[in-house]
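Heads up: the structure comes next, in structure tokens.
The values are calculated or read from the model by the stated rules, or taken from the named source; none is laboratory data. Computed from a predicted model, the values in this text were never measured in an experiment. When we count neighbours, we look across all protein chains shown, and the Cβ atoms used for this are built from the backbone with ideal geometry, even at glycine. Just so you know, the surface numbers come from the protein's heavy atoms only, side chains and all, with ligands and any DNA or RNA stripped out. Shrake-Rupley method; radii C 1.70, N 1.55, O 1.52, S 1.80 Å.
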Amino acid sequence: MTLDRHALGFGSGERAIFASDPWTSRGRLYPETSSATRSDFQRDRDRIVHTTAFRRLKHKTQVFIAADGDHYRTRLTHTIEVAQIARALARALKLDEDLAEGVALVHDFGHTPFGHTGEDALHEMLKPYGGFDHNAQSLRIVTKLERRYAEFDGLNLTWESLEGLVKHNGPLMGPDGQGTHGAVPQPILDYCALHDLEIASFASLEAQVAAIADDIAYNTHDIDDGLRSGYLTFDMLEDIPFLAGLMREVHDRYPNLESSRFTHEIMRRQITAMVEDVITVAQTRLKEIGPESVADVRRAGRVIATFSDRMFTTDRDIKAMLMKRIYRHPEVMRVREGAASIVVDLYRAFMADPLQMQKHYWIDQIAGMAEPAKARHVGDYLAGMTDTYAIATHRRLFDHTPELR
């Protein structure tokens with residue numbers, strides 16, 4: 001029996017003409033038979049959720065090490081918040097919600113333990129061999145490192161999901177062939193040689209809403225976590241007119257609200273204002289550009305789903321405040337120093353004796369590899385570690401492990 005995809009709610013009439021259509025996907029690197037009950041983008045989303053890499057996000061740092069408290073965001077809870085906002089934006093703009101959600105769910109797969117601290121430390125170690133980039137690492141995970149399927153390595157995601165993963169922050173290469181943000185990471189170039197992701201063009205609108213959802217989510221929840229930690233105070237938020245206005249609005253309506261509810265009311269209003277701002281800008285730009293297909297979106301020459309000038313200024317000011325008050329706070333920097341030393345110690349230990357990577361798939365072969373290949377395997381292994389596993393491994397190998405709290 002053949003199922004009717006329109007009866008299942010898969011009808012193309014539910015999407016705008018410029019949205020990505022899973023029924024006309026560019027396909028997968030390894031051809032597969034389509035599902036009778038799920039679109040290809042739904043299958044991508046489901047595959048992403050069932051990965052080892054997704055589960056590991058539970059014990060990877062967002063900003064605050066898990067030992068600091070149970071209520072701080074982890075990389076996993078951050079990812080879930082991004083996915084929720086991405087779906088809301090996609091729904092409002094009549095895009096494919098499943099593709100937007102999938103890109104949001106996979107966007108942080110390549111992050112190391114200990115957040116950007118771990119990434120910076122691993123990048124320094126791998127500089128002689130091309131460095132480390134978490135976006136390129138995400139691509140390696142979903143095209144090579146996940147080992148789940150009988151017929152291929154990785155997840156064999158659709159072209160559109162991989163494009164969204166690689167280009168959600170914009171084109172990686174200019175018309176002149178030069179990288180837009182420095183050299184294009186080699187893992188991305190290597191994959192594009194097999195399955196061209198057209199890295200000189202913009203991504204679909206689904207990928208764009210996932211990218212801006214990331215900014216909205218962490219701008220909001222890092223303030224929330226900062227207030228919980230005590231590194232931020234309400235007085236500090238007054239320095240940003242947008243946040244000061246939200247606080248006045250909440251205080252005027254609820255003058256005796258307890259602190260935790262007051263914080264939540266500010267945060268929910270912040271998310272709403274930012275989401276509505278992006279929708280308004282996107283709708284305006286869509287009218288100006290008039291795309292009649294997703295290809296027109298890629299050829300538009302500019303981002304469509306983004307902040308207005310006024311909200312962009314607010315976004316910039318919030319990021320500056322978070323950098324000054326939280327990310328560069330002396331206590332956070334002390335913890336970062338300890339976390340970086342763990343990553344460096346483990347890298348050097350694994351390079352000296354690959355057999356210490358007890359659960360690596362190719363452990364018996366790594367010792368005989370050339371130095372660049374060995375370093376990349378060590379980088380893969382380290383990047384896949386959770387905070388807790390990295391700390392436990394360091395304690396196994398070294399007499400002293402920094403206290404990260």
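Would you mind telling me which residue in N219, N156, N256 has the biggest mean-square fluctuation in a Gaussian network model of the chain, where springs connect alpha carbons within a distance under 10 angstrom? Residue with maximal mean-square fluctuation among N219, N156, N256: N256.
Shown here are the Rg and Dmax of the Cα trace of segment 238-307, at 17.5, 52 Å. Highest GNM mean-square fluctuation among G170, G118, G245, for the chain modelled with Cα contacts below 10 Å: G245.
Once fully extended, how much extra length lies between A295 and Y389, figured as 0.36 nm per residue of separation less the alpha-carbon to alpha-carbon distance? Please list the in-between numbers first.
On the way: separation 94, 0.36 × 94 = 33.84 nm, distance 4.33 nm.
Computed gain between A295 and Y389 is 29.5 nm.
The alpha carbon centroids of segment 218-250 and segment 306-383 are separated by 28 Å.
Among 278-285, 309-316, 28-35, 44-51, how do they line up from the highest to the lowest mean number of other beta-carbon atoms within 10 Å?
Details: 278-285: 17.6, 309-316: 14.2, 28-35: 12.5, 44-51: 20.0.
Result, highest mean Cβ count within 10 Å first: 44-51, 278-285, 309-316, 28-35.
Could you work out what % of the accessible surface of the chain is carbon and sulfur, using a 1.4 angstrom probe and leaving DNA, RNA and ligands out of the count? Walk me through the numbers on the way to the answer.
Numbers: 9560 of 19030 Å².
For the chain, the apolar C and S fraction of the accessible surface comes to 50 percent.
Computed over the chain, the alpha-carbon pair-distance distribution with 10 angstrom bins reads 4, 21, 30, 26, 15, 4, 0, each value a whole percent.
Could you grab the relative contact order for segment 198-313? Cα pairs under 8 Å, six or more apart, rounded to a whole percent.
The normalised contact order for segment 198-313 reaches 43 percent.
So, R0 is 35 Å and r is the distance between the beta-carbons of I17 and D309; what FRET efficiency does that work out to, to 0.05?
On the way: r = 28 Å, r/R0 = 0.79.
Here the calculated transfer efficiency is 0.80.
Report the per residue volume, in Å³, of the convex hull enclosing the C-alpha atoms of segment 130-227. Mind dumping the intermediate values first?
Numbers: hull volume 12.6 nm³, N = 98.
Residue-normalised Cα hull volume stands at 129 Å³.
Roll a 1.4 Å probe over the protein chains and send me the accessible area per residue for the chain in Å².
That works out to 47 Å² per residue.
Each principal axis of the Cα atoms in segment 273-321 has its own extent, and those three values, largest first, are 40, 17, 13 angstrom. The alpha carbon convex hull volume per residue for segment 226-277 rounds to 79 Å³.
With all pairs of different alpha carbon atoms counted, what Kirkwood hydrodynamic radius in Å does segment 13-122 show?
Kirkwood hydrodynamic radius for segment 13-122: 15.5 Å.
With no solvent and one point per C-alpha, what does the Debye sum give as log10 I(q)/I(0) for segment 63-202 at q = 0.10, 0.14, 0.18 Å⁻¹? Taken in order of the listed q values, log10 I(q)/I(0) reads -0.38, -0.76, -1.19.
Shown here for segment 258-365: GluC sites (Glu not before Pro) in loop regions (DSSP other than H, G, I, E, B) with at most 14 other Cβ atoms within 10 Å, namely E258, E292.
Once whole DSSP H runs in the chain are found, which of them have Cα atoms spread over 27 Å or more along the helix axis and a mean Kyte-Doolittle score of at least -0.5?
Both cut-offs are met by 205-229, 259-289, 330-352.
From the P(r) of segment 281-402, can you give the percent of Cα pairs sitting at distances over 19 Å? Before the final figure, lay out each step's value.
On the way: 4891 of 7381 pairs.
When all Cα pairs of segment 281-402 are counted, 66 percent exceed 19 Å.
Qualifying GluC sites (Glu not before Pro) in segment 104-197, where qualification requires a DSSP coil assignment and no more than 12 other C-beta atoms within 10 Å, comprise E151.
Based on alpha-carbon atoms, the Kirkwood radius and the radius of gyration of segment 134-180 give Rg/Rh equal to 1.08.
With the convex hull drawn over the C-alpha atoms of segment 175-326, the volume per residue is 147 Å³. Using the beta-carbon distance between E258 and K58 and R0 = 22 Å, what value does 1/(1 + (r/R0)^6) give for FRET efficiency, to the nearest 0.05? After rounding, the FRET efficiency stands at 0.15.
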